[in-house]
Amino acid sequence: MRRLAIPLALLLALGGLIHPASAAVKRTPECQGDWLPATPTAGEVMKGEISFLDLPPVKVGQDVNWRTNPYNNRSWAMVFHSLRWMGRLVAEYEGNGEERYLARATEIAKDWVKDNPRRGAASPYAWAEHPIALRAPALVCLSKHVDAPWLKASLAEHARVLGDDRLYEWGHNHGIDQDIALLGIGCRLGDRRWQDHAIKRLTKTVRLDIDSQGALMEQAPRYAIYVHDRLKVAMDNLKDCGRKVPGEISDRWGRLGGFIMHSTRPNGYMVPIGDGGADHEPTGFASPSEKTKVFRAGYVYGRTSWNKPESAFYSIRFGPGTKFHGHEDHLGVTYYAHGRDVLVDTGFHSYESTRYRYWTMSPEAHNVPTVVGARFRPRTATKLTRTSYDKDRQRYRLTDKAYGVSRTRSVLVNHDQDVMAVLDTAGGGKKVGNIWRFDSALKEVSNGGGKVVLGDGKFKVSLVQLDGCAPLGGQKVERGGKLGWVSPTYMAKNPATVVVSPAGRSILTMIVPGTDQPKVSCGGGKVTVQTADGPVTFKASIF
């Protein structure tokens, strides 16, 4: 796109720019907040190029086609219609005072309003609940510098939609965005009814979305970073509007930081549970005092120390049935030891309606036990029924009826001499099987006699399985194919090594990092495993 020359006639036609070109431009909280996206930059937008979600840039030209969705990607279309990229131009205008940035922003917004009436919009994403919530702050920002009837009318229409509780996402990050947007319009237009409604709703949604322990209830820990950031915006906006921040919001916001840190592996990245990849790196949060934490929302976390990349870490899932951003990962575990990922979750691919996306949410995409010959029941709750904590050893027992009969998993994690032991059983005389997904760098070295060794040339890890006290052989090792995949980042699909056990009455699985010679002996109700740092003995029943 050629650079824009903005004559006075065009400025007037666009609806009344408040600041003449010669005047200093005041920076406003509405335009300088952290709601702005990192990309595209103002320069890119002025050139008519926009890029979202790390996908290649798209030329939108001078007269934007609001049906544009070049990648047939719902997330791309939602960001496109959020108009936050338009807001980037207004923020740039506040920084450099160049009227062409404000004029182009006004042109984009006015064109969007003209082409996307509530009925008959150019795209189904134009008035979807989340784009509305994200677009309203961008329009509020624009209104700080543009006084035009079409803009005021659009803001009022956005407020009416945002204030409709039938379209509201209770207990969800989208609901928080909806209330930020409604509050922003209410403050900008001086409508206290909208302000009050947003504050009342936000308080209830925070209570639903963050429990008293500070755990996010959306079943994907990485969203805790987003919710933490957005609540900070909400609280700042309340203060700027002259409104008091409800104590329950500030209290639960403060506790959320502890949940974020407990959900973070020693490498600094959050554990990829639910709709969350392995590339989310929280910063600016203090490490909690506890090394082991059980969140009633359905998370068990443990580690050997804080702020040491070489420390060990594990996670276990339980809790309410699947909702929002959750996957069917109950009883699933991850394990980090010797300074690296060992057992991993499949992660998050995208929100696209593809077979692979739905597979990543299924039990087969997680390190879970399965009941042979029984049908899986989605959205089944799982209970944590027993715990035991020692300085260098923790034990847990979890159970549910996701297959119609009791499915029980007991987990032991031993530190210093690192080993994870997992015992799986089922009721009703049923046999169990299980699935173990390893970090992508680890490939099969050997498989035989109930022991599978994987490595990357330098590091080795062994999986050993017993049925009762007898070695359980016949493990299937797969890389790629049907089960052997992980999605550590958005839209990624990488091969990984998966070990699938044969069926057994009672399967004891031992994950022993750092060695390919984990000598195992079993007798008298006890098991001894030779780890890289010495022997570890524990009850065959875990408890």
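Could you go through the range 153-167 and let me know if any residue there is within 20 Å of L36 (Cα to Cα) and assigned to a loop (DSSP other than H, G, I, E, B).
No, that holds for no residue.
Using beta carbons and a limit of 6 Å, which pairs, at least six apart or on different chains, have the first residue in the range 413-441 and over 16 Å from L466 (Cβ atoms) and the second one among the aromatic types (F, W, Y) and modelled with pLDDT of 95 or more?
Hits for this filter: V413/Y314.
Taking I260 as the residue in question, decide whether it is at negative phi, open to solvent by 20 Å² or more (accessible area, probe 1.4 Å), in a helix (DSSP H, G or I) and among the hydrophobic types (A, V, I, L, M, F, W, C).
no
Rundown of residues vs (1) over 13 Å from C31 (Cα atoms); (2) part of a loop (DSSP other than H, G, I, E, B); (3) open to solvent by 20 Å² or more (accessible area, probe 1.4 Å), yes/no style:
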position: I108; (1), (2), (3): yes, no, no
position: D111; (1), (2), (3): yes, no, yes
position: K114; (1), (2), (3): yes, no, yes
position: R119; (1), (2), (3): yes, yes, yes
position: P124; (1), (2), (3): yes, yes, yes
position: W127; (1), (2), (3): yes, yes, yes
position: I132; (1), (2), (3): yes, no, no
position: P137; (1), (2), (3): no, no, yes
position: C141; (1), (2), (3): no, no, no
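Do we have A156 as modelled with pLDDT of 95 or more and in contact with a His (Cβ under 7 Å, 6 or more places away or on another chain) here? So that I can check it myself, show each step before the final result.
Working: modelled with pLDDT of 95 or more: yes; in contact with a His (Cβ under 7 Å, 6 or more places away or on another chain): no.
Judged against the criteria, A156 is not a match.
Is it true that R207 is within 30 Å of A278 (Cα to Cα), open to solvent by 10 Å² or more (accessible area, probe 1.4 Å) and part of a helix (DSSP H, G or I)?
yes
Give all pairs with beta carbons closer than 9 Å in which a residue from the range 388-410 that is over 17 Å from G319 (Cα atoms) meets a residue that is among the polar types (S, T, N, Q) and not in a strand (DSSP E or B); count only pairs at least 6 apart in sequence or on separate chains.
D392/T304; D392/Q417
Go through the range 56-91 and report how many residues are surrounded by 22 or more Cβ atoms within 10 Å (Cβ to Cβ) and either outside any helix (DSSP H, G or I) or charged (D, E, K, R) (or both).
Residues that pass the stated criteria total 2.
With respect to S212, is the statement that it is assigned to a loop (DSSP other than H, G, I, E, B) and not basic (K, R) true?
Yes: the conditions hold for S212.
Would you check if there is a residue in the range 375-390 being at pLDDT below 95 and on the phi > 0 side of the Ramachandran plot?
Within the range 375-390, none of the residues are at pLDDT below 95 and on the phi > 0 side of the Ramachandran plot.
Return the only residue of R265, R166, R222 being modelled with pLDDT of 95 or more, open to solvent by less than 40 Å² (accessible area, probe 1.4 Å) and among the charged types (D, E, K, R). Before the answer, list the steps.
On the way: R166 fails: open to solvent by less than 40 Å² (accessible area, probe 1.4 Å); R222 fails: open to solvent by less than 40 Å² (accessible area, probe 1.4 Å).
The unique qualifying residue is R265.
Here's the yes/no breakdown for (1) over 23 Å from L454 (Cβ atoms); (2) surrounded by fewer than 24 Cβ atoms within 10 Å (Cβ to Cβ); (3) not hydroxyl-bearing (S, T, Y):
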position	(1), (2), (3)
Y314	no, no, no
A337	no, no, yes
S350	yes, yes, no
N367	no, no, yes
V371	yes, no, yes
A374	yes, yes, yes
R377	yes, yes, yes
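The values are calculated or read from the model by the stated rules, or taken from the named source; none is laboratory data. Remember, predicted model here, so these are calculated numbers, not experimental data. So basically every Cβ, Gly included, is an ideal-geometry build from the backbone, and we count neighbours across all protein chains shown. Each accessible area value is taken on the protein alone, full model and side chains, heavy atoms only, with ligands, DNA and RNA left out. Shrake-Rupley method; radii C 1.70, N 1.55, O 1.52, S 1.80 Å.
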